[in-house]
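Undergrad: Okay, here's the structure, questions in a sec.
The values are calculated or read from the model by the stated rules, or taken from the named source; none is laboratory data. Just so it is clear, the model here is predicted, and its values are computed rather than measured. Don't worry about glycine lacking a Cβ; one is built from the backbone with ideal geometry, like all the others, and counts go over all protein chains shown.
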Amino acid sequence: MNNLSINTPILLIAFNRPDLVKKVFEEIKKAKPKKLFVSVDGPRNNEEKIKVDEVKKIVSNVDWPCKLNKRFQDKNLGIIGGALGAIDWFFENVEEGIILEDDAIPNQDFFKFCSELLKKYRNDEKIMQINGCNFQRGWKREKYSYYFSKYAHTYGWATWRRARRKYDSKMQFYLELKKKKYFSDIFPNKIERKYILHIMDDAYFKIPEAIDTRWVYSVLINDGLCITPNENLVQNIGFGKDATHTKKSDSFFSIPTNNLSFPLIHPQFIIRDRLSDERYAKWLFKNRVKKFIIKRFSFSLKHKK
């Protein structure tokens, strides 16, 4: 991709990790968006304020023609007020756009990919998200540049205001849908369904700040489709002590990016690629089960000593 400015608005959500946000911002600077929205949550203590102030300085360094919109908080709002509030703020001002957090490093093809497909599927209500991630590790079912999936990955993504209007933060129909076994229709595989419902249960009963899970739920209950590139365009590097939920490294979700060929080869049909989704799910469960076994084995050894 050349370094011409893109017209698609970008939202960058950041907090207290200047080392990470610097890497993401460097990629944004290369793309030179004409509209950039930056949201930085406030610090929780004086020590954190130093890092947050550094983040604000980094993301304010716009040296290309750009309309910069800032949402800098003095007090900490947490995930709901911070990240979710930032997305709401973004779509109060734009009809469509790209969303990045400080731990999602895109390559330049990601911006071009999202920009082109946001326009192409602008009025197609079935399409609710454009993913930046692909976890197939090089495997492709078709020659096309992307496929349609039921899985929404939010490590670097794009969507429309019309889709975000369907976001159900309260998961108000969850218990009814679960009781009537509608999730069996969405996830015929018992293991896959059990895993998804476990995540949904945690979000519904225990974790109000699980905004990503609530968005995934919203896509599923609206029978929405997510566009997934046939190359990985975003790498998640946010596994570590400063992360909110991903404290430990997870190589399954943190894989290098690859270039995507242009012009894009568009699918001739809009049908969910069940085979690709099943393959992703298989990889996911294999990874999770392996980690669970290692964890249990380590726990047993520790208590035998």
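Undergrad: Testing Leu68 on (1) closer than 29 Å to Ser276 by Cβ; (2) in a strand (DSSP E or B), one condition comes back false. Which one is that?
TA: Exception for Leu68: condition (1).
Undergrad: Can you tell which of Asn2, Asn61, Asn45 is surrounded by fewer than 16 Cβ atoms within 10 Å (Cβ to Cβ), modelled with pLDDT under 95 and more than 15 Å from Ala158 (Cβ to Cβ)?
TA: Residue meeting the stated conditions: Asn2.
Undergrad: When segment 112-150 is examined, which residues are found to be of a type in the set (Asp, Glu) and closer than 17 Å to Gln268 by Cα?
TA: Across segment 112-150, the qualifying residues are Glu116, Asp124, Glu142.
Undergrad: Please enumerate the residues belonging to segment 125-135 that are within 17 Å of Thr8 (Cβ to Cβ) and surrounded by fewer than 24 Cβ atoms within 10 Å (Cβ to Cβ).
TA: Listed by number, the list holds a single entry, Ile127.
Undergrad: Would a scan of segment 50-73 turn up a residue that is closer than 24 Å to Ser261 by Cα, free of Cβ contacts under 8 Å to residues at least 24 places away in the same chain and not basic (Lys, Arg)?
TA: no
Undergrad: Next up: With respect to Ile105, is the statement that it is under 16 Å from the mean Cα position of the chain (by Cα), hydrophobic (A, V, I, L, M, F, W, C) and assigned to a strand (DSSP E or B) true?
TA: In short, yes.
Undergrad: Output the qualifying pairs, or none if there are none: Cβ atoms under 8 angstrom, residues six or more apart or on different chains, first residue in segment 11-33 and within 14 Å of Glu54 (Cα to Cα), second residue among the polar types (S, T, N, Q).
TA: Taking only residues 6 or more apart or on different chains, the pairs are Ala14/Ser39; Phe25/Asn61.
Undergrad: Same structure again: Filter segment 212-264 for residues that are among the aromatic types (Phe, Trp, Tyr) and at pLDDT 90 or above; which is nearest to Gly138 (Cα to Cα)?
TA: Phe262
Undergrad: Quick one: which of Cys66, Cys114 is buried (at least 19 other Cβ atoms within 10 Å of the Cβ) and on the phi < 0 side of the Ramachandran plot?
TA: Testing whether each residue is buried (at least 19 other Cβ atoms within 10 Å of the Cβ) and on the phi < 0 side of the Ramachandran plot leaves just Cys114.
Undergrad: Would you say Leu12 is within 23 Å of Asp109 (Cα to Cα), under 22 Å from the mean Cα position of the chain (by Cα) and not in a helix (DSSP H, G or I)?
TA: Judged against the criteria, Leu12 is a match.
Undergrad: Do we have any residue at all in segment 120-137 that's among the hydroxyl-bearing types (Ser, Thr, Tyr) and touching a Lys or Arg at 6+ places or on another chain (Cβ under 6 Å)?
TA: So far as segment 120-137 goes, no, none of its residues is among the hydroxyl-bearing types (Ser, Thr, Tyr) and touching a Lys or Arg at 6+ places or on another chain (Cβ under 6 Å).
Undergrad: For Arg162, state whether it is out of contact with any strand residue (DSSP E or B) (no Cβ under 8 Å at 6 or more places or on another chain), farther than 23 Å from Ala14 by Cα and surrounded by 14 or more Cβ atoms within 10 Å (Cβ to Cβ).
TA: yes
Undergrad: Please work out which one of (1) among the hydrophobic types (A, V, I, L, M, F, W, C); (2) in a helix (DSSP H, G or I); (3) closer than 20 Å to Asn107 by Cβ is the condition Ile50 fails and give its number.
TA: (3)
Undergrad: Can you pull out every residue in segment 271-284 that is touching a strand residue (DSSP E or B) at 6+ places or on another chain (Cβ under 6 Å) and either over 20 Å from Asp124 (Cβ atoms) or assigned to a loop (DSSP other than H, G, I, E, B) (or both)?
TA: Hit for segment 271-284 is Asp273, nothing else.
Undergrad: Also, I was wondering about something else. Here's a check for you: in segment 154-187, which residue that is touching a residue at least 40 places away in the same chain (Cβ under 8 Å) and among the small types (Gly, Ala, Ser) is farthest from Lys112 (Cα to Cα)?
TA: Only one residue fits best here, namely Ser169.
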